[in-house]
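Written out below as structure tokens is the structure these notes cover.
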Amino acid sequence: MRGDKRFVGAESREARLAWAFVLPALGTILLIALFPLAWTVWESLHVHDLRMPWRGQPFVWLANYAEVLTDGRFWGAMLHTAIFTVGSVTLELVLGLVLALALNRAYRGRGLVRAAVLVPWAIPTVVAALLWRFMFDAQAGIANAVLMDIGIMDRPFVWFIHSAGAWVPIILADVWKMTPFVALLLLAGLQNIDTSLYEAARIDGAGPWRQFLHVTLPLLKPAILVALIFRTLDAFRVFDLVFVLTGGGPGTSTEPIALYTFNALLQNLRFGYGSALGVVVFVVTFALAMLYIRALGVELTQAPE
Amino acid sequence: MALKPRQQRLHHRARRSSLRTRQARSGVRSLLRALRSRDEEVDLQTSVQAWAAAAALAGVLGIHACAGKDEDWRAVVTFPASAVGAEAQVLRDQLERFMLEHPDVRIVRRETPDAADQRHQLYVQWLNARASDPDILQLDVIWTPEFAAAGWILPLDGFGPPVEEYFPATIAANRWDGKLYALPWFVDVGMLYWRTDVFRDAPATLEELSRAAARARDSAGIRYGMVWQGARYEGLVTVFLEYLGAFGGRIMDDDGRIVVDSEAAVRALRFMVDEIYETQNVPRSTLTWQEEQTRFAFQNGQAAFMRNWPYAYPLMQDSAESRVASRFAVAPMPGADGGEPTAALGGSQLAINTNSENPEAAYAVIEYLTRPEQMLERARVVGQYPTRPALYGRPELARALSVAPDQARRIIERAVPRPVTPIYTQLSELLQIRLHRALTDQQPPRAALEAAAEEMRALLDKVGLAPKEPNGAGR
């Protein structure tokens, strides 16, 4: 009995201590993550238009959300975000995998090559975007010059005023910049694969292609999923690249959801409506993350077996 | 977003400095009171008070000394202004002279970004927070109704501004609800730049301009016939406004109804589209260009015509940079069937913050800066056009401006303000998107304008600014 009591006491003391240690972290999360989020949700239930103070700040329930869901520009922006996300992430995964496999080979100067590959990733996005804007300039850009030299085009193409063409520099710039990051994640995954598995496969008579399909890919799955999560969530929030390259144009043909939210919130200063857009973006990103985490959780628990 | 810390800093500084001033004042008061009471009877408590007050005062003065010449006893007027170039210098000189004339007023300049969007955003944040600082606001012509309707700036009628001495259009653009809210400081108008070494005369109609541009491309080997600002931004609306006026259309009528889907408007937009895709006088690249890109094309000799603002003139006369120095001239943008030559009105206005602690001193500054001599100086140093028509007969102005004053005056008199409404910027955004869709060949002109008009009417309706008449009759 006495022993039990002491044990319980120790446990609760330990628990209290644990709480005391965790509390600052919890408080910080509360302050910097949950509080702004709750405030944004609260804001989104009001009409709050900084430029029209005469409208006041009436509580309007879900009117802003109703406006979001019936707003053609919002759905357009969601579509553009999806196009960008699928387009850029697919290319980055494929190219990143190829790059990772190449980097995984042992050869002289491998360290140097690995470092060099990371250069695009290290360049600030706005600078990279400006570079790509110059490269795709209709008159002075290298893209048109090359395409005309090799005879694909006979006159300059104005990329940024074509509603489909404008996506080319945007997606290429993102692929150029983010592929090294994906490659790095996948390279880490590749190096975790036990080389004896390849030996075994070789002994069983598997060629390089079958080794890749049946050894490399399945064991690389967790790394691929991690890369997918990072890139999808990043791509979904794309802003700076498009802001610099096209400003969302022509018309609003390349306007992603983050740019539209920025526009509503900080250009037009519609805090209520902008917050509603922000909450929608948050919910979608959160859902995507949960989906991935569930998938990834399964992978991670299965991996050691 | 990056401006926020700066804004907070300004706020803190303003609050701190006014607090310090108040401390200093109360310190002086209690010191005097203590000294006075000392004459009558020696009171230990008051003398302690006096010493405390003296110490506090010394402390405050010490802080003042540390803070430099940040505070003194004069009325302080804050003025946000451009931080760079000749424009900043001429303003600094003018404000120095004002302070010599008014020893009781001290002006503090606040450096603000030059980009209109950023400046607007900063102003809205300040004014929403009911900051009394800055006292004077330099407004773009399209902001006055917005700020007036929000109650952020003071009506100026009480100060007796000489409105009859200004161009009527510049005054009209600054009125809201029958009251004047800002004084026009300098005026900007859209103009047609043309090459005097390629053409003998400026074109009289848009048709003529189009033909001349095509000829210049064919025979003179000039790459582009005509360039204008076609990127999706406010500049596009000003260009459209000029074509629109040329064909006799308007964006909004006198009763505040949206009429941008009229036949004339469709003709105007179709003309612009055809200039790109049919005659190919206007390069497609122009749809990504703002003012500077068009200026580069024109000054490199690549364009026969350009639509731009007056700022480009002195820059392109510099033969070190420009290949067309002294080989170009300006004219009004020509008219077409059903309308008349039209120039978009731009420019800067001066207004007073509603929460200003020194509105009289602020008005004195505005009055000084808008005097004829000061306007002439601005014209001479930075080439900005005065807002007073009387100055256009003065020989100094002829020397100051590169454009003949009577010609400039004719263009300004043709200038039309953009719709005077507090939600102009939002309406303009809706229009910009649709115009850009039509110009980039994503939507036919009529459909684009009808969609724009519908969206603009819905917005006016939603914020309670729709014209009073039922069913939007008369469109």
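The values are calculated or read from the model by the stated rules, or taken from the named source; none is laboratory data. Bear in mind the structure is a predicted one, so any value in this text is a computation, not a measurement. Every residue, glycine as well, gets a Cβ built from its backbone with ideal geometry; the counts of neighbours run over all protein chains shown. These accessible areas exclude ligands, DNA and RNA; they are computed on the full protein's heavy atoms, side chains included. Shrake-Rupley method; radii C 1.70, N 1.55, O 1.52, S 1.80 Å.
Computed quantities for the displayed model
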quantity	calculated
Extended-chain gain in nm, criterion 0.36 nm per residue less alpha-carbon gap, A:Val126 and A:Val113	2.2 nm
Axial C-alpha extent at least 20 Å, average Kyte-Doolittle at least 0.5 - helices from chain A (DSSP)	A:72-104, A:167-191, A:217-236, A:271-302
Chain A, relative contact order in percent, only Cα pairs under 8 angstrom and at least six apart counted	28 percent
Per residue solvent-accessible surface (Å²) - the protein assembly as shown, probe of 1.4 Å	48 Å²
Peptide A:238-247, shielding by other chains (average Cβ, 10 Å cutoff)	1
Relative contact order for segment B:372-432, counting Cα pairs under 8 Å that sit 6 or more residues apart, in percent	24 percent
Cα centroid of segment A:18-55 to Cα centroid of segment B:416-449, whole Å	36 Å
Helix-only mean residue ellipticity at 222 nm for the protein assembly as shown, each DSSP H run of n ≥ 4 adding -39500 (n - 2.57), per residue, nearest 500	-18000 deg cm²/dmol
18 Å tail of the calculated P(r), segment B:132-183, as % of Cα pairs	25 percent
Per-residue average of Cβ from other chains inside 10 Å of B:435-443	4
Burial order of peptide ranges B:407-416, B:312-321 (average beta-carbon count within 10 Å, highest first)	B:407-416, B:312-321
Sequence-separation-based contact order of segment A:1-146, relative, with Cα cut under 8 Å and 6+ spacing, percent	7 percent
Carbon plus sulfur fraction of accessible area for segment A:63-302, probe 1.4 Å, in percent	71 percent
Segment A:70-102 and segment A:137-162: distance between their alpha carbon centers, rounded to Å	24 Å
Cα convex hull of segment A:205-305, projected area averaged across orientations, nm²	9.4 nm²
Chain pair A, B: total accessible area buried, heavy atoms, 1.4 Å probe, Å²	2600 Å²
Computed over the protein assembly as shown, the ratio Rg/Rh where both radii use C-alpha atoms and Rh is Kirkwood	1.05
Enclosed volume per residue, in Å³, of the convex hull spanned by Cα atoms of segment A:1-155	351 Å³
Per-residue mean of C-beta atoms belonging to partner chains within 10 Å, peptide A:52-59	3
